[in-house]
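Have a look at the structure below before the remarks.
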Amino acid sequence: MPAGSSPKRERQYEHIKAGLKKSGRSEGTAEEIAARTVNKERARSGEAKQKSRSSIQDISSSRRGGLRSHSGSKGRTKEQLYNEAKQKNVKGRSKMSKAQLAKAVGR
């Protein structure tokens, strides 16, 4: 974490890192993703010195995660469905639409 981070951001970083490690990401990857996420939140809230234009204009990463929570018909992206179909060896998956992929993988 960058110097001068608040205790809240430290907790957020550790929480994100632990979740990523639990889902099977390596230590280094988990640290990198957690740091990027926290830094983006810091920039959006005005805590960081330099602000990235995209950090303050797009939807927040925490909100975006909630929108992709795997619930409802629009929960998973086509890419996520495709990867799941690939793991299940679904034939013809490359030519399927999002709806067809969702039906093929079940749930």
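One table, with the values for the structure above:
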item: Unmet criterion (only one of (1) at pLDDT below 70; (2) polar (S, T, N, Q); (3) on the phi > 0 side of the Ramachandran plot) for Gln50; result: (3)
item: Test: residue in segment 82-105 that is more than 20 Å from Ser6 (Cα to Cα), out of contact with any Asp or Glu (no Cβ under 7 Å at 6 or more places or on another chain) and at pLDDT below 65; result: no
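The values are calculated or read from the model by the stated rules, or taken from the named source; none is laboratory data. None of these values were measured; they are calculated from a predicted model. Counting neighbours? That spans all protein chains shown, and the Cβs are built from the backbone with ideal geometry, glycine included.
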